[in-house]
Amino acid sequence: MNETVPPSDLPAPFWRRLLALAYELLAVLAILFVTDMACLLLTRGQLDPHAWWYRAVLLLALAAYFLLSWTRGGQSLGMRPWRLYLRTDAGAIPTWPHAALRFAILIAPLTLLAIAPWAGAKAAMAVPFAVWALSLLTALIDRRRRALHDILAGTWIVYRPIPKA
């Protein structure tokens, strides 16, 4: 399952990554919506959105989506239309440890939401988005166009152009 990257693969252009991210947000919203509806059904409409188990279920749903996508072909739904693939630095499809590390790094800024009671909800929401934006901006200066979370996880996003006939 750990096939290597063909020599025709290129570092993913930044604009393709941004468009894939926009597509990915739609998939994530759908996953969260379905998971939320299941939780509401299980609690007969008495769901406490601050319950620890509810947040854990949402996190597990997202983890399952990304980890399965990245370890089975190296593509999530948002990456497919843009011909983007996640690979390890060695060029292989990510293993579970690589994918789990990348996911953990990507969601780490969400822990900053814990400052909401002190900083206010708007400020607390702005911090994770600022961290993610800075992480993505490193792709503009890295030789292989890797975002900070890719550098830390030992992965990179490649673009596989359509082969010319």
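Structural remarks
- Test result for residue 153, among the aliphatic types (A, V, I, L, M) and in contact with a helix residue (DSSP H, G or I) (Cβ under 6 Å, 6 or more places away or on another chain): yes
- Subset tally (residues that are basic (Lys, Arg) and exposed (fewer than 13 other Cβ atoms within 10 Å of the Cβ)) for segment 123-165: 2
- The single condition from (1) surrounded by 14 or more Cβ atoms within 10 Å (Cβ to Cβ); (2) in contact (Cβ under 8 Å) with a residue 40 or more places away in the chain that residue 72 fails is (1).
- Candidates in segment 1-40 are the residues that are among the aliphatic types (A, V, I, L, M) and at pLDDT below 90; of these, the one that is nearest to residue 155 (Cα to Cα) is 5.
- Residue tally, condition surrounded by 14 or more Cβ atoms within 10 Å (Cβ to Cβ) and either farther than 23 Å from residue 104 by Cβ or of a type outside the set (Asp, Glu) (or both), over segment 33-46: 2
The values are calculated or read from the model by the stated rules, or taken from the named source; none is laboratory data. Just so you know, these numbers come straight off a predicted model, no measurement behind them. Glycine also receives a Cβ, built like all others from the backbone with ideal geometry; neighbour counts cover every protein chain displayed.
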